1. Within the range 208-312, considering only strands (runs of 3 or more DSSP E) that don't extend past its boundaries, which have at least 3 residues that are away from the ligand (no atom under 16 Å from the Cβ), of a type outside the set (Gly, Ala, Ser) and in contact (Cβ under 8 Å) with a residue 60 or more places away in the chain?
2. Look at the range 98-124 and say how many of its residues are more than 16 Å from the ligand (Cβ to nearest atom) and touching a residue at least 40 places away in the same chain (Cβ under 8 Å).
3. Test SER85 against the stated conditions and say whether it is more than 16 Å from the ligand (Cβ to nearest atom), of a type in the set (Ser, Thr, Tyr) and assigned to a strand (DSSP E or B).
4. HIS122 is checked against (1) under 27 Å from ALA318 (Cα atoms); (2) touching a helix residue (DSSP H, G or I) at 6+ places or on another chain (Cβ under 8 Å) and fails just one. What number does that condition carry?
5. Residues GLY134, GLY168: which one is small (Gly, Ala, Ser), surrounded by fewer than 24 Cβ atoms within 10 Å (Cβ to Cβ), at pLDDT 95 or above and outside any strand (DSSP E or B)?
6. For a quick check of your reading of the model, give me the residue pairs whose first member lies in the range 50-62 and is within 15 Å of TYR141 (Cβ to Cβ), whose second is β-branched (Val, Ile, Thr) and more than 14 Å from the ligand (Cβ to nearest atom), with beta-carbon atoms closer than 6 Å and at least 6 apart or on different chains.
7. Can you tell me which residue among ASN231, ASN138, ASN130 is within 24 Å of SER93 (Cβ to Cβ) and touching an Asp or Glu at 6+ places or on another chain (Cβ under 9 Å)?
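The values are calculated or read from the model by the stated rules, or taken from the named source; none is laboratory data. Not measured: the values here are computed from a predicted model. Ideal geometry is used to build each Cβ from the backbone, glycine not excepted, and the neighbour counts take in all protein chains shown.
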Amino acid sequence: MNVKRIFFVISFPLISLFSFGQVSKPEGNAGILRAGFAKIDITPSIPVKLYGYSSRKTYSEGTHDPLSVRAVIFENNGKKFVLVSSDIGSYGSEVFPVIQKSILEKFNLKESELFLSTIHSHSAPVLSLNAETGDPNNIEYTKTLQQKLLTVIREAFDNLRPVHTGIGTGSSPVGSNRREMRPDGSITLGRNPYGITDKEVLVMKIASPDGTPVGALYDYATHSTSLGPHNMQISGDILGLSAQFVEKILGNEVITPVFAGASGNIDPWYRVLPEFNNEPGWIPEPVLLGTLLGEEVVHVYRSIKGVNPGGEISTAFATIECPRRKVEDNKSTPDQPLPATIPVNITVARIGNDVAFVGFNVEMLTEIGMEIKSGSPYKHTFIITHCNGASGYLPPAELYKEGGYEISATRFEIGSSDMVVKKALRMLYDLE
Ligand SMILES: [Zn+2]
């Protein structure tokens, strides 16, 4: 990372902020902020194909740690939104619209009122509803998951109660930039300790007005891929294990939805291990890293002393069409030409004037998330990736020349990330 790039990352949002003009939002709370939390176990009861590595052809073999869906609903004066954190890899571009539709219809929600996200664990089931291409066990699992999502959101609605909120930030070294440079200058998937990372652990504490803890949301930028294609055990990996730890320590039914920040090029410090190493005296690396992140979440949570009545809610949703990369042209056939653009879904919400949430249906590289955070008119902005769809990797323009895995995998043309940053900031500024 060079000084110029740091300057660019820091200075560009300031310029953007200036060009968007003054922010003016109404002050005060028109109503009482309420929140409802719920959690449901989604550990597969049958062997399933696992998400993320095409080389893995056989079924899962047992469970290391349970998978959950954690949901929270915020409501104030009739305005509301639902945040869903799922311990799976991805809802995928085919399954997402089906599940989204069922949730929106069941609870009479607008598109802007649902953040359906995953933690991107690569030790969780691949989802499918397609009888031609999907595995029967995975299709059965996905149908059950769809029902469980409706159940957990219903419970979260039932649990709505007045709350106070507080925000704190910490820092964690669990995620590392993974774009390692080989001696010949090419970029490979590995560990680049000198590369840019977003170390922020952003925690929102939710408590009853009498101070009783109810839940905590947190956001951290890392892939949940400490386990590689040889692992066959079900696990939430880093982010899932961290949430399990935080809930165990905070106890008393406190539920902690966790979100993967801008982590497209961020992997756990120990990555692609063959399996959970359980030799005596050894803490398996995924557990070690999940615990380390979880400890920081608990530390930040406990350091949040002041909670306040929260504030008004406002939400917005937009899809922007970004140009498809030219190198993808050879995948087009006269019979089936590829669309010229790829959709990016952006979902934004605010609570009061200090906290905002921005969801993206892409694997956004960390530089982009940092740019949005620093350009956001809100003091604290949760970046939620793998949210409301799946359009793949979104790299910043300056990395295209360097190459590497995320660049060869992306379908987006150079410049797409600038469109996404600009639109997301515009939406944040325009929230009522
Ligand atoms: Zn990924």
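1. Fully inside the range 208-312 and qualifying: 213-220.
2. 14
3. Taking the combined requirement at face value, the residue satisfies it.
4. Status for HIS122: all satisfied but (1).
5. Going through GLY134, GLY168 in turn, the sole match is GLY134.
6. Every condition considered, the pairs that remain are SER60/VAL48; SER60/ILE234.
7. Just one listed residue meets the conditions, ASN130.
To keep it simple, each residue is scored yes or no on (1) within 14 Å of the ligand (Cβ to nearest atom); (2) surrounded by fewer than 24 Cβ atoms within 10 Å (Cβ to Cβ); (3) modelled with pLDDT under 95.
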{"residue": "VAL362", "(1), (2), (3)": "yes, no, no"}
{"residue": "TYR378", "(1), (2), (3)": "no, yes, no"}
{"residue": "ALA390", "(1), (2), (3)": "yes, yes, no"}
{"residue": "ALA397", "(1), (2), (3)": "no, yes, no"}
{"residue": "GLU413", "(1), (2), (3)": "no, yes, no"}
